[in-house]
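Read the structure below first, then the notes.
Derivation of every value follows stated rules applied to the coordinates shown; laboratory data play no part. From a predicted model like this one, the values you see are computed outputs, not experimental measurements. Note: ideal-geometry Cβ built from the backbone for every residue, glycine included; neighbour counts use all protein chains shown.
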Amino acid sequence: MCGLRVTVEGARVTKIRGDADDVLSHGHVCPKAIALGELLHDPDRVRAPLMRGPVGWVPVAWDRAMSDIATKLRRIRDDHGPDAVGLYIGNPCVHSHRSGLASQVLGLALGTKNRFDPNSQDSNPRLFACMQVHGDALAMAVPDLARTKHLLMLGANPAASCGSQMALGDPKARFRDVRARGGKIVLVDPRRSESAAWCDEHHFIRPGGDAALLFAILHVLFRERAVDALAVDAIATGREQLARLSRSFSPSRVGPVIGIAAHEIERMARELAAEPMGSVYARVGVCQNEFGPVAAWLVEVINVVLGRFDREGGVILPTPAADVAPLGRLLIGNHHGRWRSRVRGLPEMLGAIPSATMAEEMETPGDGQIKALVVLAGNPVATTPNGPRLAKAIAGLELVVCIDYYVQETARLAHYVLPSQHVFETGNFDLVLSRFAVRNVAKYSPPILTTEDDTRDDFDIAQELAARVLLGRALPRALSERLRAMPERVIDWLLQHGAHRLSLDQLAKAEHGVDLGPIEPSASRHERRHVLAPDALVRDVPRLEAWVDAGPGDGLVLIGRRHLRSNNSWMHNLPALAKGPDRARLLVHPDDAITIGATGTIVRVTSRAGSVEAVLETSDTMMRGVVSLPHGFGQSEVNGTLRVAGALPGPSANALTDELVVEPVLGTSILNGVPVALAPVIRGASSDAL
Ligand SMILES: Nc1nc2c(c(=O)[nH]1)N[C@H]1C(S)=C(S)[C@@H](COP(=O)(O)OP(=O)(O)OC[C@H]3O[C@@H](n4cnc5c(=O)[nH]c(N)nc54)[C@H](O)[C@@H]3O)O[C@H]1N2
Ligand SMILES: Nc1nc2c(c(=O)[nH]1)N[C@H]1C(S)=C(S)[C@@H](COP(=O)(O)OP(=O)(O)OC[C@H]3O[C@@H](n4cnc5c(=O)[nH]c(N)nc54)[C@H](O)[C@@H]3O)O[C@H]1N2
Ligand SMILES: [Mo]
């Protein structure tokens, strides 16, 4: 969402800078934006369709690839039913309008219940909480940073991520402005992350402790009558039940279990209550743990009971110029639990089942077993729990098709790789992410380059594949040419019928974007009362009670981390981002490292699911008992096709995360708080000798 100024000479991008006049980012860019030039010209990018031959990859014409793939998909579907084809939709589909709509086209054409996406590694707890509490998964309000004077931030690291479900434009400046106006920012994270320097306070928390912390905060709010019962009852149901549930989570009971002193929890609650222009904001650290759904629920309800939901200075639902929500509801619905995964019975959520079930659905024979997999802009072997098991399962499939830039860990196992175009060739409209901007803005970037190689745009690939799968042949050329413009037509329609009555033409002319003013609350949006104590979440509270009773564990647990120069599993091949110090070290608190070794020691990290080697780095930024590895590394097995990324040190964190242990409400992967054991590796000695 940052505005770029791209200098092009011929077909080459020679320079990328931040656009100082951009309505949201005002010239700010992060290193990932600058590296988009390297992505465009990366010699390792796939430039023409590839087919796996007996001795390796061979280039294949689009027409042949499409026709082969469609024939095989139709055969598998006819023999075994639509669920025999798995579909995995990756994260980049959220930040490209054409890829996003492509994913919907593929979903409709394949009609499979075995659909997967990163939400089960990421946002499902929050989407579910919003669905339960506000009645709509997309009722995801963002902190009103322009007015906020108190922000309690849990499990987010905007200094690395640039802000998630909170599009900031210039993250550091937005945070600095809050403090410049006398506001306070409190961070809760098992690691004293880069964002701690942007905050006034940082508290370590035991991974997974947020749900208990938030209940303790509610306990204080109710006990000290910071909740205006009349005001809350006018907009919500379930206040008394929520108060009752919070009664047993006193700060003195919760504090020792999560590692935050009781008086600190009390102060946290009082300061939040005392500043009317304040709110709670939580992100992936809070979702990807064993109590993600309950924690995500409590974040929403604290904002509601304090009267901060869709209020100035609290959290606000932005008014995007093109509102994708009605389209989303039409195509995906606002559902949960309509079907369950075949083997483990984990529930569907917004049209997808948890990624943690993927391997077993491929391995377990029977009706509905996955025989083929189509992946659009995703790398599940690197990004979902127990990647190595998944890789084995994928390798056994009859047909695997990856639509991607690279032959990465998942595409390595494919029969066909269909190469995608770069954003400079396809253009960009932030159909989804505009909903999360801290200021209402609208921008459209038309394509600035014509493709010179044999790559295609995701939407074109998807529509052709869909036609061939559904009809058994390609559409007439004239029709498919017309369909190519559909994504822009849809957006133009949404813009014209949207709250700001814009058009794509207008946006295309506004080079720096259109500023639509501050995000503003809208009472008219809330006809339905918030549900403060939804059954589906209340049911999980006894498990949380038992966790608190069990007290703090004594083993080590693993959490993840992100870095500004890295993006999930796919930007490590760009020299501008890959350069510099090793970013994939295992961070360990010095006290926990005493018996293991000093910085630089190679350690074996072992979990229930797997075992990897990593280079240890002692760091007092870690909470005692917690160690950290980033995900998306460990790409040495693809060093032939990702020559820069493949040469980087570090293991894959998802060789350790456990596909069998998921949180029970939604089946969300537990990527933070994974029990691990460490042992030094002494080369030449057997581990028994230790
Ligand atoms: N540079 C860069 N930017 C990115 C990405 C990237 O890979 N690189 N990824 C993008 C994506 S897909 C997403 S979803 C967003 C995510 O955006 P953020 O949510 O801001 O991401 P993280 O940096 O992972 O921050 C999560 C924090 O949670 C902490 N944490 C771990 N476990 C717990 C816990 O149990 N409780 C609490 N309170 N904290 C915990 C971690 O230490 C970490 O600091 O970032 C996006 N932006
Ligand atoms: N241990 C651990 N695991 C995690 C996380 C964590 O914090 N810890 N975070 C999770 C989160 S929040 C997320 S969102 C997921 C992400 O999980 P995925 O979506 O599976 O993975 P990405 O690494 O984002 O991979 C995206 C792929 O899309 C390709 N690509 C990029 N842009 C385009 C495009 O425009 N078109 C096409 N066709 N391909 C494109 C890239 O080359 C790359 O191969 O990872 C999750 N996994
Ligand atoms: Mo994500």
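Quick notes on this one:
- Part-to-part distance (alpha-carbon centres) for the stretch 413-453 and the stretch 388-408, which is given in Å: 24
- Legend: ranking of residues K443, K371 from fewest to most surrounding C-beta atoms inside 10 Å; resulting order K371, K443.
- Packing rank of 50-61, 243-254, 294-305, where each peptide gets the mean count of other beta carbons within 10 Å, highest leading: 294-305, 243-254, 50-61
- Calculated P(r) of the stretch 244-288 - Cα pairs past 15 Å, %: 59
- The residue among Y281, L574, P320 whose Cα reaches farthest toward the positive pole of the charge dipole of the chain, with charges on the beta-carbon of Lys, Arg, Asp and Glu, is P320.
- Neighbours of M166, meaning other residues whose beta-carbon lies under 10 angstrom from its beta-carbon, give a summed charge of +2 when Lys and Arg score +1 and Asp and Glu score -1.
- Considered as an equivalent ellipsoid built on the Cα gyration tensor, the stretch 436-488 has semi-axes of 28, 15, 11 Å, the largest given first.
- Neighbour counting of Cβ atoms within 10 Å sorts the residues E425, E659, fewest neighbours leading, into E425, E659.
- Normalised by the number of residues in the stretch 533-662, the mean separation of alpha-carbon contacts (under 8 Å, six or more apart) gives a relative contact order of 28 percent.
- Length-normalised contact order for the stretch 149-264 - Cα pairs under 8 Å, 6+ apart - percent: 22
- Counted over the stretch 331-480, the DSSP beta bridges are approximately 35% antiparallel.
- Spacing of the two label points (7 Å from each Cα toward its C-beta) at D454 and R338, in nm: 3.9
- The stretch 1-119: translational diffusion in µm²/s, Stokes-Einstein, Kirkwood Rh over Cα pairs, 25 °C, 0.890 mPa s: 137
- Shape analysis of the stretch 161-259 based on the Cα gyration tensor places the equivalent ellipsoid semi-axes at 29, 20, 12 Å, largest first.
- The alpha-carbon atoms of the stretch 208-364 define a convex hull whose volume equals 156 cubic angstrom per residue.
- 15 Å beta-carbon shell around D44, net charge (K/R +1, D/E -1): -2
- Within-15-Å neighbourhood charge of V605 [Cβ basis; K, R +1; D, E -1]: 0
- Using Cβ point charges alone (K and R +1, D and E -1), the dipole size of the stretch 1-154 about the Cα centre works out to roughly 160 debye.
- Ellipticity estimate at 222 nm from DSSP helix runs (n ≥ 4, -39,500 (n - 2.57)) divided over the chain, nearest 500: -9000 deg cm²/dmol
- Stokes-Einstein D for the stretch 475-564, Kirkwood Rh over Cα pairs, 20 °C, 1.002 mPa s (µm²/s): 107
- Amide hydrogen neighbours beyond the local backbone of V627, cut-off 5 Å, H modeled: V557, L558, I559
- If the convex hull is drawn through the Cα atoms of the chain, its volume per residue in Å³: 152
- Taking every alpha-carbon pair under 8 Å whose residues sit at least 6 apart, the stretch 201-317 reaches a relative contact order of 35 percent.
- Dipole moment magnitude, nearest 20 debye, the chain about Cα centre, only Lys, Arg, Asp, Glu C-beta charged: 240
- Calculated on C-alpha atoms, the gyration radius of the stretch 55-106 divided by its Kirkwood radius gives an Rg/Rh of 1.06.
- The stretch 593-657 - charge dipole about Cα centre, Lys and Arg +1 at Cβ, Asp and Glu -1, debye rounded to 20: 120
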